[in-house]
Amino acid sequence: MVFILKRLPCRFAESQKTSTRAQQQTRSSLLFLTSKLKKEKAMNEQITMEEKEKLNADIHYLTASMSTLNLATLNDEGEPEASYAPFLYTEPFFFVFVSQLSSHTTNLINRPIFSLMVIEDESGAANLHARQRLILRCHAEQLHKNHEHAPQILNRMEQKLGNTMKMIRQLPDFYLFRLRVVNGRFVKGFGAAFGVDSRLRVTNLLKGT
């Protein structure tokens, strides 16, 4: 009996060591699996330089060929309001020239963080459910007409947007805004969405978009 009692602590210690080794092996396996999954995900999200150049060209064409963008702004009550405005894009900024009477003008002044979308025209889309689009998170900044760059910007807007722009730029109740891109995404089509940076350059492939 004395012999058995002496052996019990030893067996208990051995059992603890075995349990600890098993836990360490399980932990190591989980760490290895997690690391492997991260590497596989990173590899899946990589885009070749050639692919990036093609996508960047698509984005450039979209911003150059379209003349209006959609705005998603917030009013003073924090409620979302959808609208649109003609625009000029000159890297890295969008510019809009909007009326004081429009609610989105007040929203941009009071709540300058907003979203915009430039979307492919329906008439040129291969599939209405997968129109190419650029969805961006932005910050708005009002530029007064006496700003050093305002005349040049308004001249370029007039060239792109036509005679109406020539007329309204003389009105005192229209405001010029510079829209600074924070980041966003470019949707090429079904299952093809890509992150973009503040200069509309593709950065990575997005999953689950």
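Here are a few things to note about the model shown:
- Test: residue in the stretch 118-139 that is free of Cβ contacts under 8 Å to residues at least 12 places away in the same chain and closer than 30 Å to D76 by Cβ: no
- Test: residue in the stretch 99-114 that is of a type outside the set (V, I, T) and closer than 22 Å to G195 by Cβ: yes
Condition check ((1) on the phi > 0 side of the Ramachandran plot; (2) in a helix (DSSP H, G or I); (3) not assigned by TED's automatic domain parsing to the domain that holds R156; (4) not aromatic (F, W, Y)) across all residues:
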| site | (1), (2), (3), (4) |
| --- | --- |
| Y61 | no, yes, no, no |
| N70 | no, no, no, yes |
| E77 | no, no, no, yes |
| L108 | no, yes, no, yes |
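- A residue that is part of a loop (DSSP other than H, G, I, E, B) and modelled with pLDDT under 95 occurs somewhere in the stretch 28-47.
- Flag for V98 being surrounded by 15 or more Cβ atoms within 10 Å (Cβ to Cβ), more than 19 Å from the chain's Cα centre (by Cα) and among the aliphatic types (A, V, I, L, M): yes
- Test: residue in the stretch 81-88 that is in contact with a Pro (Cβ under 9 Å, 6 or more places away or on another chain) and either in contact (Cβ under 8 Å) with a residue 40 or more places away in the chain or not assigned by TED's automatic domain parsing to the domain that holds I135 (or both): no
The values are calculated or read from the model by the stated rules, or taken from the named source; none is laboratory data. Since this is a predicted model, take the numbers as computed values, not measurements. Note that each Cβ is placed from the backbone with ideal geometry, even for glycine, and that neighbours are counted across all protein chains shown.
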